[in-house]
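Scroll down for the structure; my scribbles are underneath it.
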Amino acid sequence: MKSSRMGSAEHFRWLRWIIAAVLVLNALDAVLTLQWVNSGRAREANLLLAPLLNQDPLLFVAVKFALVVLGVWLLWRLRTHPLAIVSLFVAFLAYYYLLLYHLRVFLPWQPF
């Protein structure tokens, strides 16, 4: 019989996949952002990270990834709190939206 309470092993298994997806989507966002900025088609929207991108793209990627890893790690530590779970799903949806945005602009045809 499966448990439906918050914090079961099954919930945490799903949550690990969401966390992995957030990290992959963050990496894709960083790479695609670098491509956009290097091609002159865009600027970094994050006012805190924009100066880093202009000075040192590798440092930009490292700091961006480190901040997301730190945030995800903190939310994982708080995984028994409903707000932490909601926050992880919001992060997933935000990065998923960003990926769709990147793809919409780069693809010659408009899938959406």
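The values are calculated or read from the model by the stated rules, or taken from the named source; none is laboratory data. Being a predicted model, the structure only gives us computed values, none of them experimental. Neighbour counts run over all protein chains shown; Cβ positions are idealised from the backbone, glycine included.
For first residues located in the range 64-83 and farther than 19 Å from Glu10 by Cβ and basic (Lys, Arg), partners that are modelled with pLDDT under 95 and not in a helix (DSSP H, G or I) and lie 6+ apart or on another chain with Cβ distances below 9 Å form the pairs Lys64/Asn46; Lys64/Leu49. State yes or no: is Leu59 at pLDDT below 90, of a type outside the set (Phe, Trp, Tyr) and under 25 Å from Ser39 (Cβ atoms)? So Leu59 fails the test. Checking every residue in the range 14-24 against the condition of being at pLDDT below 90, under 20 Å from His102 (Cβ atoms) and loosely packed, with under 14 Cβ neighbours inside 10 Å gives zero matches.
Name, by its number, the condition in (1) closer than 25 Å to Leu103 by Cβ; (2) crowded, with 16+ Cβ neighbours inside 10 Å; (3) over 14 Å from the mean Cα position of the chain (by Cα) that does not hold for Arg79. Among (1) closer than 25 Å to Leu103 by Cβ; (2) crowded, with 16+ Cβ neighbours inside 10 Å; (3) over 14 Å from the mean Cα position of the chain (by Cα), Arg79 violates only (1). Among the residues of the range 40-47, is any out of contact with any Cys (no Cβ under 6 Å at 6 or more places or on another chain), free of Cβ contacts under 8 Å to residues at least 24 places away in the same chain and basic (Lys, Arg)? For the range 40-47, residues out of contact with any Cys (no Cβ under 6 Å at 6 or more places or on another chain), free of Cβ contacts under 8 Å to residues at least 24 places away in the same chain and basic (Lys, Arg): present.
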